[in-house]
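First comes the structure, then the notes that go with it.
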Amino acid sequence: MDGLNAHQTEAAQHVEGPLLVLAGAGSGKTRVVTTRIGRLIDLGVLPSDILAVTFTNRAAAEMKSRIRAKKNAQVLACTFHSLGARILRESIHLLGYTKDFAIYDEDDSDKLLKTCLEQICPDEDRGFQKQIRMQISTAKNNLADSSETEGDALFSQIYALYQAKLKECNAVDFDDLLYLTVRLLEEHESARIEYQNRWMFVLIDEYQDTNSAQHLLAKILVEKHRNLFAVGDPDQSIYSWRGARYQNILNFERDFPGAKVVTLDQNYRSTNTILQAANDLISHNETRYDKKLWSDIGEGEKIGIYVAQNERREAEFIVEKLLRHMTDQQYSFDDAAIFYRTNAQSRPFEDALLSRRIPYTIIGGLSFYQRREVKDILSYLRMLVSNSDLISFLRTINQPKRGIGPTTVEKLSEQASARGIPIFTFCQEFLANPQQFTGIKLSARQREGMQTYVSMILRLREMRSSCKLYELISETIKATHYLTMLREDPETADDRKENLDELVGKAAEWEDEREAPTLQAFLEELSLRSNTKENDDLPKVRLMTLHNSKGLEFSLVFLVGMEEELFPHINSLGNPETLEEERRLCYVGMTRAKRILYLTSATYRYMWGGPKLMRPSRFLREVPSKYLHNYNPAVFEEEVSLSGDPEGFSAGERVFHKEFGAGMIVKSYHTSFGLTYEVQFEDSEPTRSLVAKYAKLQILNRSLN
């Protein structure tokens, strides 16, 4: 028990009966868990009588390693799914399977489901299959069989056939590892008694992330001995979209009568300023156990808050502060991280880091310019400037599917090469006079598909000179029916659409900054960015979504894009439960910071394919000002809203310009260009003369916090 604080010691010394350890962020829970296991072994408990369940293989391996180092003992530490697989290997024969069953991965499961759909509803598309796959997974995690899925007869029929075919193949899918394990223990008393007797002491980490099946499995396993040691933090429950139920931890005392609760509230990671700010933020949630994190590290620096004029200025501010702290605190780039709500938000920060040659890496995802949907649309755009780009042609000719498969494409490219003409020119000539080309025969569908492709490219080329670049990209996305294709995978469609919207925004921003913008110059610049190679030996700034930040810690953290409809996300607004989860996600992000934390947002941002005035996130207002260092108080005190399209502004009115930011009308007058304003901007000494029809000023309504 050496080195444990009083609450940690109380938890580690617990032996019999259910115990819930409310382990706040950075409170040393892993040490408590391993110390408690060591104490059980010291009391004479056999290592084989102890079961520790985690949510990742990495966490399980770390726990086993620590116990082995402390006590030279081997305990079973595994994930829930590994535990299910172990139980099923021994006892699945009770459910009518043989013990040599196969575990199907996602690809195997999809192929089997496809055969079911071909039998029941052959005309449905791939998007329908993805939707059914998600529904089956949800049903299994909620322990519902095909007879319990009320209100959807077609789904019940598909689900029943899919499960029957799995059994016919003597196979289980990933969700079955929990679903069938619970069924086994519920339906067969002999198996239930065997496994209840096998493990007298059960420890479960990250209990707030358990779903219905995992929670019930835990209840069954400890029903006899009641020795459940659960560790978790409802304030860090951020995975409801995966089926996690934070209610499992809130209802722990009801589900396990006589349970003891110990709170670990001393944080060993962050400064008190960061922790107190996070405490005040999360206190706005109603469904939680109350606790207040504290630290003896010291008060530390105030949290920086900055509201930028636009997303580019936001990224520039962060890079400037990043470099300053590298110098002042002698931090490495490895010590810094940028957190955002959605993957699409990485783009401006990648651009800013690349422009300053700062190495970075994306955690849990691809760099923006390497994402499939971005590369697809950029390939279409390259076809608008070149007849000879074979790689872009190969990427786009059959996307969406036009019946022109790899064999046909290979013949087309070979003939074009043999004749010494560009591939796109060859397609035009082939369509004009197919008889002159031997060795290539296209079906009516293939010929129609090629004609559609060529006509679309030619039409988009005609638009180049008459529209803005961002408009051309939007039209390309529309003309290719790319969004329809994305909807074939409903699980990723929204994220991929957000990335395309961000590409449109990037084009608009890039065009505004160039005197003579061209599509070719835009593509050249993006090619240079996407071809930047990572040096794995260099320290790197980490970029990631807030969901991917859980379990990590950094000395310097930037939590960005803190605006209404972005964070909290638009999908959460109007729903108290999902809004509370968004706040928990903000709490998780803040408590990753060890020493320095910045919260930033933008007043003007390209979203959903167009420009939008943004309002600061409610989470910014929920952090008391005494913990904040405000880098632009005038901007932060304003709540920006669009109040129509006024014909004219009066002197003294406050307005917003997407490049110059907030300012005040000094006077208005008429020139040969029409209505003109003289505007005093906050970051500019002299006034600026702006023509109303070009400046696109928008009014600011002042609203103090």
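Under 26 Å Cα to Cα from LYS540, which lysines show up? Leave out anything in the same chain fewer than 8 places away. Of all the lysines, those that pass the test against LYS540 - Cα under 26 Å, at least 8 places apart if same chain - are LYS302, LYS321, LYS375, LYS506, LYS550, LYS594. Note that the stretch 311-322 has calculated 3J(HN,Hα) couplings of 5, 5, 5, 4, 5, 5, 4, 5, 5, 4, 5, 4 Hz, one per residue in order, obtained from phi through the Karplus relation 6.51 cos²θ - 1.76 cosθ + 1.60 (θ = phi - 60°); glycine and proline are x.
Taking a straight line from the alpha carbon of LYS626, these aspartates and glutamates sit under 17 Å away, with near neighbours fewer than eight places off in the same chain left out: ASP280, GLU299, GLU301, GLU637. In summary, the lysines within cross-link reach of LYS441, defined as a Cα separation below 26 angstrom excluding same-chain residues under 8 places away, comprise LYS401, LYS411.
Rounded to two decimals, what is Rg over Rh for the stretch 467-512 when you use alpha-carbon atoms and the Kirkwood radius?
On the way: Rg = 11.3 Å, Rh = 11.0 Å.
Looking at the stretch 467-512, the ratio lands at 1.03.
For the stretch 51-150, the tally of Lys pairs with Cα-Cα distances below 22 Å comes to 6, considering only residues 8 or more apart or on different chains. Estimated translational diffusion coefficient (Stokes-Einstein, Kirkwood radius over Cα pairs, 20 °C, 1.002 mPa s) of the stretch 494-628: 123 µm² per second.
By per-residue mean of other Cβ atoms within 10 Å, what is the highest-first order of 589-595, 301-307, 420-426, 443-449?
Values: 589-595: 25.7, 301-307: 21.3, 420-426: 17.0, 443-449: 13.9.
For the peptides 589-595, 301-307, 420-426, 443-449, the packing ranking is 589-595, 301-307, 420-426, 443-449.
Quick one: work out Rg over Rh on the C-alpha atoms of the stretch 141-214, Rh as Kirkwood radius.
Rounded to two decimals, Rg over Rh is 1.04.
Computed over neighbours whose Cβ is under 12 Å from that of PHE229, the net charge equals +3, Lys and Arg +1, Asp and Glu -1.
Each 10 Å bin from zero up to the one holding the largest Cα-Cα distance in the stretch 2-65 carries the following percent of pairs: 19, 54, 27, 0. Does the stretch 462-552 come out rounded, prolate or oblate, given a ≥ b ≥ c as the square roots of the eigenvalues of its C-alpha gyration tensor, rounded meaning a/c under 1.5 and, failing that, prolate meaning a/b above b/c? Here the stretch 462-552 falls in the oblate category. Evaluated at 37 °C with a viscosity of 0.692 mPa s, what Stokes-Einstein diffusion coefficient in µm²/s does the stretch 1-153 have when Rh comes from the Kirkwood expression over alpha-carbon pairs? After rounding, the answer is 170 µm²/s.
Compute the signed sum of charges (Lys and Arg +1, Asp and Glu -1) over the other residues within less than 11 Å, Cβ to Cβ, of LEU94. Residues close to LEU94 contribute a combined charge of -1. Which of ASN142, ALA218, TYR179 sits closest to the plus end of the dipole of the stretch 136-226, meaning its Cα is farthest towards the positive end, when Lys and Arg get +1 and Asp and Glu get -1 on the C-beta? So the residue we want is ALA218. Translational diffusion of the stretch 436-505, estimated by Stokes-Einstein from the Kirkwood radius over alpha carbon pairs at 37 °C in a medium of 0.692 mPa s, is 230 µm² per second. Cα extents for the chain along the principal axes, largest to smallest and rounded to whole angstrom: 90, 72, 52. With θ taken as phi - 60° and the Karplus curve 6.51 cos²θ - 1.76 cosθ + 1.60 applied, the whole-hertz 3J(HN,Hα) list for the stretch 27-38 is 9, x, 5, 4, 5, 5, 4, 5, 5, 5, 5, x Hz, x standing for glycine and proline.
Where a number appears in this text, it was derived from the coordinates with a stated rule and is not lab data. Since the model is a prediction, treat every value here as computed from it, not as a measurement. Heads up, the Cβs are rebuilt from the backbone with ideal geometry, glycines too, and the neighbour counts pull from every protein chain shown.
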